[in-house]
Amino acid sequence: MPKINGNEIRPGNVLDHEGGLWSAVKVNHVKPGKGGAFAQVELKNLRDGRKLNERFRSEDKVEQVRLDQKDQQFLYENDGMLVFMDNETFEQIELSADLLGDRRPFLQDGMIATIEYFGDEPLSMQIPQKVTCTVVETEPVVKGQTAANSYKPAILDNGVRVMVPPFVGTDEAIVVNTELFEYVERA
């Protein structure tokens, strides 16, 4: 595995640190008035979800890990386990729904997810950043409420609550950002 300097760590990098696989969530480069520069890095353990704040100086060496990515199709959920199929080999694997966390409601039947593997061990999963959902319930438009930044709450077909512009009504399809849980546009 390649070794990188502590000041080369970027968000999203996967590091072999203290005997575990850690993903860099936030990186803040600090140049104090006295002493050498360092990177303050917030790490998240890819196996158990623990968080760790660590300082890396530029002369520190850390091992960067490359994960294999495979696009796999979501088939169904069975007792908290998500079943995916590899579109090339047609092999099926079961992964815990906890890998998606609070983005789980956005996973739809037949959706292609990118699963990251370390050897044969699945560590993380990404779903598309934009997903089309249908508004099930929202308040009616109030006359005169057309200010540029006025939003109203809406409940989507997957049970997620988002804020939408006043012109969006019930039974409309909208595009939602799955990372920020925000309305993007009409579908």
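Okay, here's what the table says:
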quantity	calculated
Strands (runs of 3 or more DSSP E) (entirely within region 16-107) containing at least 2 residues that are touching a residue at least 24 places away in the same chain (Cβ under 8 Å) and of a type in the set (D, E, K, R)	51-57, 61-65, 68-78
Candidate set from region 64-115 (those that are among the acidic types (Asp, Glu) and within 15 Å of Pro128 (Cβ to Cβ)); member that is least open to solvent (accessible area, probe 1.4 Å)	Asp71
Region 98-110, residues that are within 21 Å of Ile155 (Cβ to Cβ) and at pLDDT below 85	Leu100, Gly101, Asp102
Candidate set from region 20-46 (those that are in contact with a Phe, Trp or Tyr (Cβ under 9 Å, 6 or more places away or on another chain), surrounded by 11 or more Cβ atoms within 10 Å (Cβ to Cβ) and of a type outside the set (A, V, I, L, M)); member that is nearest to Leu123 (Cα to Cα)	Asn45
Residues of region 116-128 classified as in a loop (DSSP other than H, G, I, E, B), of a type outside the set (A, V, I, L, M, F, W, C) and surrounded by 13 or more Cβ atoms within 10 Å (Cβ to Cβ), total	1
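Quick grid of which residues meet (1) of a type in the set (Asp, Glu); (2) modelled with pLDDT of 90 or more:
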residue	(1), (2)
Phe56	no, yes
Glu59	yes, no
Glu94	yes, yes
Pro128	no, yes
Val131	no, yes
Ala148	no, no
Pro153	no, yes
Val164	no, yes
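The values are calculated or read from the model by the stated rules, or taken from the named source; none is laboratory data. Please read all numbers here as calculations on a predicted model, not as lab measurements. For neighbour counting, all protein chains shown are included, and Cβ atoms are generated from backbone atoms with ideal geometry for every residue, glycine included. With ligands, DNA and RNA removed, areas are computed over all heavy atoms of the protein, side chains included. Shrake-Rupley method; radii C 1.70, N 1.55, O 1.52, S 1.80 Å.
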